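Participant: Dumping the structure here so I can ask a few things about it.
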Amino acid sequence: QVQLVESGGGLVQPGGSLSLSCVASVHIVGPYSMNWYRQAPGNQRELVAGITSGDTTTYADSVKGRFTISRDNAKRTVYLRMNNLKPEDTAVYYCNLKDIGDYWGQGTQVTVSS
């Protein structure tokens, strides 16, 4: 069973930046994707960004050019750098691992407000 632990959420003003981290409890082998999802109140959970074991990245249109996903295999960590944050980015952000299983972190709150 893989455990994922997110950190780095918080309150930031519009136009500001935050970095999220997600640490996996074990090294992941084989094909996989690490993803960041978010869910705002009253909305469905949506994919924000993903990165595969082959380093292919994908982004939601709403965050392209502002968010960057990256990973450090040695640290078993995936990152989400978020720049030029907007109030509509406010949500709980979840880390997700998809390999032969589907694993989720507990989520971290990101609030963008003046």
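Every number here is computed from the coordinates shown, using simple stated rules; none is lab data. Since we're looking at a predicted model, the values are computed, not measured. Please note: Cβ atoms are built from the backbone with ideal geometry, for glycine as well, and neighbour counts cover all protein chains shown.
Participant: Could you work out the relative contact order of the chain, using alpha carbon pairs under 8 angstrom and six or more residues apart, expressed as a whole percent?
Facilitator: 37 percent
Participant: Residue by residue through the stretch 51-59, what is 3J(HN,Hα) from phi via Karplus (6.51 cos²θ - 1.76 cosθ + 1.60, θ = phi - 60°)? Round to whole Hz and write x for glycine and proline.
Facilitator: 9, 9, 5, x, 6, 7, 10, 9, 9
Participant: Then there's this: For the stretch 1-99, which trypsin sites (Lys or Arg not before Pro) are both in a DSSP coil and crowded by at most 12 other Cβ atoms within 10 Å?
Facilitator: K64
Participant: A follow-up question, please. In whole Hz, with x marking every Gly and Pro, tabulate ³J(HN,Hα) for the stretch 101-114 from phi via Karplus 6.51 cos²θ - 1.76 cosθ + 1.60, θ = phi - 60°.
Facilitator: With the stated coefficients, the stretch 101-114 comes to x, 9, 10, 10, x, 7, x, 9, 7, 10, 10, 10, 7, 8 Hz.
Participant: Checking the cross-link filter: which aspartates and glutamates have an alpha carbon closer than 18 Å to that of K86, excluding same-chain neighbours under 8 positions apart?
Facilitator: Correct list for K86: E46, D61.
Participant: Among Q44, Q106, M82, whose Cα lies farthest out toward the positive end of the dipole of the chain, if unit charges sit on the beta carbon of Lys, Arg (+1) and Asp, Glu (-1)?
Facilitator: My answer, from the dipole projection, is M82.
Participant: Please give every one of the lysines within straight-line cross-link reach of K98, meaning a C-alpha to C-alpha distance under 21 Å, and leave out same-chain neighbours fewer than 8 residues apart.
Facilitator: Partners within reach: K75.
Participant: Still on this model: In whole Hz, with x marking every Gly and Pro, tabulate ³J(HN,Hα) for the stretch 71-77 from phi via Karplus 6.51 cos²θ - 1.76 cosθ + 1.60, θ = phi - 60°.
Facilitator: 8, 10, 4, 4, 9, 6, 10
Participant: Let me ask something else about it. What residues qualify as long-range amide H neighbours of T90, i.e. H under 5 Å apart, gap of 5 or more or another chain, H built at 1.01 Å from N?
Facilitator: Result for T90 returns V112.
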